[in-house]
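Novice: Could you have a look at this structure, given as structure tokens, before my questions?
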Amino acid sequence: MRSCFLALLLAASPAFAQPADWPQFRGPNGSGLAGDQPGIPVDVGPEKHVVWKVALPSGHSSPIVHGDRIYLTGVVEKKLLTIALDRATGKTLWQREAPYQTLETVHPTGGSLAQSTPATDGERLVSFFGSSGLLCYDPAGKLLWRREMGPFKNDFGAGSSPIIVGDRVLLNQDHDTGSFLLCVDKHSGKTLWQTDRPESRRSYSTPVVWTVDAKPQVVVAGTLRVVGYDLETGKEVWTVRGLARLVNPTPVIGPDNTLYLSSWTAGGDAEDRFDLPPFPEMLKRLDANQNGTLEPNEVATTIIKERFPQFDVDKDGHIAGPEYEQTRAICDQARNCFLAIKPGGRGDVSKSHVQWEVTKGLPYMPSPVYHQGHLFIVKDGGLLGCLDAKTGQLLSQERIYGAGRYYSSPIVVNGKIYLANQEGKLSVVEAANGTRVLHRVAFGEDVYATPAAVGGKLYFRTMGHLYCFSSEGGR
């Protein structure tokens, strides 16, 4: 019991000098912090400091590392694969196919059937596919249990990643209907608790564990609000309202136990709101066939066109009045913001526990990263911002190498930020209150995964390869 409790506290710790493993999305507790690792050079590139490079199936999941293994997921000819690699050589040790009945629908340009990053504690490896569900393996690749689920009602697919906390596996899934936070026993896969999240629509933030007054909470950001749940029971402890209509970034925890989270999506800025009239007015203007609902051809000239599936909650091809008004209410309340939240709240603490708020220069997909009193965020277009963690003051904001979209989240190694855009252009930036670019390089392949950094090695996934970089043994 004592060892499990200590492991739980370590998993929830907000700061790591140098992690021994990289067990989940963005490393220990999703922090993106890799500490000091002199073996990881600044000037990495496709032909420089490469220890090894291996071809991989396509996929968006990020590599995780434990002991002598690297784990990730991929897709080959509609086969959904969990893959184990040898850490020293990159050689495939085993791969296992996840069964499914129907493949989920994913975003046509930025989606993959292998979007969720696996998690491990060395004893168990859990991977998740929105077409198949949650699968648990031992280090040798033996399937121990499976929780069948999916596909979900969400045409962007499933994206949030599982995490392991002590003897529990946590998985959050926010979709257009049926959203939930699930906690299962890591040994058996049996449900310990499940908390429904009916207010939250499609979102992709992976949970983090926040230890407050010696009690671990599971923090999940989603539609319009962030919630802290009791790890033991799944009951809601606190909430802060006033977020965007969907949330992609994962929160981070500072060394003083302040929680930081970002949310941004179109229509949530004060000067760029979605103007949606009441449903009767929309019917009067657009209901050409007079059937009392709206169809795709009828909304072709409105902002609803590209977001039709989000309004059509039950996915029957028609937008009915209740569906429209529910989504309209979400759009009306949505606010793009970056928040700092104090620990210790109970109930709705939107007014009492928010230390500061920022509303400009916010990322859509990438999670923030904290380093030595600074918070770093990257907005599409390659706009890197540095905020003072105490006040939220913008200290600097400049364009870095690599415009376009960012799906990969930044990590900090040796006081340097490593971040790559979708086109595979990597920037290495000094993690200070400026944005001095130290190195830039193009890999020539798309990048969606977040790098892993552990043991003096940097593991960097492109759409077709996994690289291992180090100044010690790299060519």
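Novice: Across region 15-63, what is the total count of residues that are closer than 27 Å to VAL75 by Cα and outside any loop (DSSP other than H, G, I, E, B)?
Specialist: So the answer is 12.
Novice: Applying the selection to region 136-155, what residues are in a strand (DSSP E or B) and closer than 15 Å to LEU113 by Cα?
Specialist: Listed by number, the list is empty, since nothing qualifies.
Novice: Given the conditions (1) closer than 13 Å to LEU419 by Cβ; (2) touching a Gly at 6+ places or on another chain (Cβ under 7 Å), which single one is not true for PRO366?
Specialist: Failing condition for PRO366: (2).
Novice: Still on this structure, please answer the following. Please verify whether ALA453 is among the aliphatic types (A, V, I, L, M), in the same structural domain as ARG87 (by TED's automatic domain parsing) and outside any strand (DSSP E or B), treating the condition exactly as stated.
Specialist: Criteria not met by ALA453.
Novice: Cβ-Cβ under 6 Å, sequence separation 6+ or interchain: first residue in region 375-403 and at pLDDT below 95, partner small (Gly, Ala, Ser) and in a strand (DSSP E or B). Which pairs?
Specialist: Listed by first residue and then by second, the contacts come to GLN397/GLY385; ILE400/SER427; TYR401/SER427; GLY402/SER427.
Novice: So the check is Cβ under 7 Å with 6+ separation or different chains; which pairs have a first residue in region 31-54 that's within 12 Å of GLY415 (Cα to Cα) and a second one that's aromatic (Phe, Trp, Tyr) and in a loop (DSSP other than H, G, I, E, B)?
Specialist: These pairs meet every condition: LEU33/PHE16; GLY35/PHE16.
Novice: Continuing with the same structure: Could you list, in sequence order, the residues of region 260-286 that are in contact with a Leu (Cβ under 8 Å, 6 or more places away or on another chain) and closer than 30 Å to VAL218 by Cα?
Specialist: TYR260, LEU261, SER262, SER263, TRP264, THR265 - these are the residues of region 260-286 that are in contact with a Leu (Cβ under 8 Å, 6 or more places away or on another chain) and closer than 30 Å to VAL218 by Cα.
Novice: To continue, here is another question. Only one residue in VAL378, VAL369 is in contact with a Ser or Thr (Cβ under 8 Å, 6 or more places away or on another chain) and among the hydrophobic types (A, V, I, L, M, F, W, C). Which one?
Specialist: Selected residue: VAL369, the only one of VAL378, VAL369 that is in contact with a Ser or Thr (Cβ under 8 Å, 6 or more places away or on another chain) and among the hydrophobic types (A, V, I, L, M, F, W, C).
Novice: Being in contact with a strand residue (DSSP E or B) (Cβ under 9 Å, 6 or more places away or on another chain) and among the hydroxyl-bearing types (Ser, Thr, Tyr) is the filter; apply it to region 251-267 and report the residue that is surrounded by the most Cβ atoms within 10 Å (Cβ to Cβ).
Specialist: Applying the filter and picking the extreme gives SER263.
Novice: If you don't mind, another one. Exactly one condition in (1) more than 23 Å from ILE253 (Cα to Cα); (2) of a type in the set (Gly, Ala, Ser); (3) touching a Phe, Trp or Tyr at 6+ places or on another chain (Cβ under 7 Å); (4) not in a strand (DSSP E or B) is false for SER427; which is it?
Specialist: Among (1) more than 23 Å from ILE253 (Cα to Cα); (2) of a type in the set (Gly, Ala, Ser); (3) touching a Phe, Trp or Tyr at 6+ places or on another chain (Cβ under 7 Å); (4) not in a strand (DSSP E or B), the lone unmet condition for SER427 is (4).
Novice: Just one of GLY424, GLY381 is closer than 22 Å to ILE40 by Cα and either buried (at least 23 other Cβ atoms within 10 Å of the Cβ) or not polar (S, T, N, Q) (or both); which is it?
Specialist: On inspection, the qualifying residue turns out to be GLY424.
Novice: Go through region 173-246 and tell me which strands (runs of 3 or more DSSP E), entirely inside it, have 1 or more residues that are under 25 Å from GLN326 (Cα atoms), assigned by TED's automatic domain parsing to the domain that holds CYS136 and touching a strand residue (DSSP E or B) at 6+ places or on another chain (Cβ under 7 Å).
Specialist: In region 173-246, the matching strands (runs of 3 or more DSSP E) lie at 180-185, 191-196, 215-222, 225-230, 236-241.
Novice: Can I ask one more? Yes or no: THR293 closer than 30 Å to GLN422 by Cβ, among the hydroxyl-bearing types (Ser, Thr, Tyr), surrounded by 14 or more Cβ atoms within 10 Å (Cβ to Cβ) and not assigned by TED's automatic domain parsing to the domain that holds GLN18?
Specialist: For THR293, the condition - closer than 30 Å to GLN422 by Cβ, among the hydroxyl-bearing types (Ser, Thr, Tyr), surrounded by 14 or more Cβ atoms within 10 Å (Cβ to Cβ) and not assigned by TED's automatic domain parsing to the domain that holds GLN18 - is not met.
Novice: Right, next: Out of THR435, THR450, which single residue is buried (at least 24 other Cβ atoms within 10 Å of the Cβ) and in contact with a Ser or Thr (Cβ under 7 Å, 6 or more places away or on another chain)?
Specialist: That would be THR450, the only listed residue that is buried (at least 24 other Cβ atoms within 10 Å of the Cβ) and in contact with a Ser or Thr (Cβ under 7 Å, 6 or more places away or on another chain).
Novice: With VAL369, VAL349 as the choices, which residue is β-branched (Val, Ile, Thr), surrounded by fewer than 23 Cβ atoms within 10 Å (Cβ to Cβ) and assigned by TED's automatic domain parsing to the domain that holds TRP210?
Specialist: VAL349
Table: residues versus (1) at pLDDT below 95; (2) crowded, with 23+ Cβ neighbours inside 10 Å; (3) under 22 Å from SER350 (Cβ atoms).
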{"site": "TYR229", "(1), (2), (3)": "no, yes, yes"}
{"site": "THR239", "(1), (2), (3)": "no, no, yes"}
{"site": "ASN248", "(1), (2), (3)": "no, yes, yes"}
{"site": "PRO280", "(1), (2), (3)": "no, no, no"}
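Novice: Same structure, new question: Going by the conditions given, is LEU419 more than 16 Å from GLY32 (Cα to Cα), part of a strand (DSSP E or B), of a type outside the set (D, E, K, R) and at pLDDT 95 or above?
Specialist: no
Novice: Related question: Applying the selection to region 296-324, what residues are surrounded by 13 or more Cβ atoms within 10 Å (Cβ to Cβ) and of a type in the set (D, E, K, R)?
Specialist: GLU298, ARG307, ASP312, ASP314, LYS315, GLU323
Novice: Does TYR406 satisfy the condition of being surrounded by 23 or more Cβ atoms within 10 Å (Cβ to Cβ), in contact with a Gly (Cβ under 8 Å, 6 or more places away or on another chain), assigned to a loop (DSSP other than H, G, I, E, B) and at pLDDT 95 or above?
Specialist: For TYR406, the condition - surrounded by 23 or more Cβ atoms within 10 Å (Cβ to Cβ), in contact with a Gly (Cβ under 8 Å, 6 or more places away or on another chain), assigned to a loop (DSSP other than H, G, I, E, B) and at pLDDT 95 or above - is met.
Novice: Scan region 65-79 and give yes if some residue there is in contact with a Lys or Arg (Cβ under 7 Å, 6 or more places away or on another chain) and among the acidic types (Asp, Glu), otherwise no.
Specialist: yes
The values are calculated or read from the model by the stated rules, or taken from the named source; none is laboratory data. Note that the coordinates shown come from a computational prediction; the quantities given were computed from them, not determined experimentally. We place every Cβ from the backbone using ideal geometry, glycine too, and count neighbours over all the protein chains shown.
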